[in-house]
Amino acid sequence: MFTGIITDIGSVVARETRGDTHFRIRTRYETASIDIGASIACAGVCLTVVQKGADWFAVDVSAETLSRSTLGNWKEGTTINLERSLKVGDELGGHIVSGHVDGVGEVVSTKAEGESLRIDFRAPAGLAGFIAEKGSITVDGASLTVNGIDGVVFGVNLIPHTQQVTTLGKLKAEDRVNLEIDVLARYVARLQQWSKPS
């Protein structure tokens, strides 16, 4: 479980295919405090630490995850939003995030609005109904507030701090991003579906 508050920007230093795909990711985290088997959200995808070194950790990624996220495009030098898993008693600064990507979105446009950066994304049609104005959404692991929605296109505004401490400030048109809808929206939709007479 995560909060969508990014605590480091890592970078891919190696990619190797051996059954699953093995990534080594450089980090500023104190790796001595990371257990083998720990969960770290990498660009919004919950991955398991399988190896670690002084300034890196490694994860194995299945073909299923590669096909349902942007991780298939990772290469040496790719920068990644990182968040360690939530501990009991930690401050919940964003919203509840599972690290299970619901779909891949695409940047439609970016533009400056004062000191903020407005980014419009196109969501997959099947997810658009779960996205609400002033609701929460996770984009590449970062918890954001939806500032507007028009069909399958939704917009967010990034304050300067968010631009600096995540990878989102460098997005450009046609870039692809991992999306996770608000878990509350998912369960409300399921309850509505379940309550319909058959």
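Results, tabulated for the structure shown:
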| quantity | calculated |
| --- | --- |
| Accessible area per residue in Å² at 1.4 Å probe, computed on the chain | 53 |
| Degrees separating the helix 183-195 axis from the principal Cα axis of the chain, which is the longest one | 50 |
| Hits among lysines - C-alpha to C-alpha of residue 134 under 16 Å, sequence gap 8 or more where chains match | none |
| HN-Hα J in Hz across segment 163-170 - Karplus 6.51, -1.76, 1.60, θ = phi - 60°, x for Gly and Pro | 4, 7, 9, 10, 7, 5, x, 9 |
| Sites matching trypsin sites (Lys or Arg not before Pro) across segment 93-182 that sit in DSSP coil, with at most 10 neighbouring C-beta atoms within 10 Å | 134, 172 |
| Spin-label zone in segment 138-178 - amide nitrogen under 20 Å from a point set 7 Å from the Cα of residue 112 along the C-beta vector | 156-173 |
| For segment 1-89, alpha-carbon Rg relative to the globular expectation (2.2 N^0.38 Å, N residues) | 1.00 |
| Segment 1-133: relative contact order as a whole-number percent, Cα under 8 Å and 6+ apart | 29 |
| Volume of the Cα convex hull of the chain, divided per residue and given in Å³ | 138 |
| Unsatisfied cross-links (Cα-Cα over 21 Å) in the set 111/170; 75/172; 75/170; 52/75; 87/170 | 87/170 |
| Per-residue [θ]222 nm for the chain (sum of -39500 (n - 2.57) over DSSP H runs n ≥ 4, rounded to 500) | -3500 deg cm²/dmol |
| In segment 70-172, the GluC sites (Glu not before Pro) that fall in loop regions by DSSP, at most 12 other Cβ within 10 Å | 76, 91, 115, 133 |
| With every protein chain in place, the chain: carbon and sulfur % of accessible area (1.4 Å) | 50 |
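The values are calculated or read from the model by the stated rules, or taken from the named source; none is laboratory data. Values in this document were obtained by computation on a predicted structure and should not be read as measured data. Reconstructed Cβ throughout: ideal geometry from the backbone, glycine too, with neighbour counts over all protein chains shown. Protein only, heavy atoms only, side chains kept; ligands, DNA and RNA dropped before computing areas. Shrake-Rupley method; radii C 1.70, N 1.55, O 1.52, S 1.80 Å.
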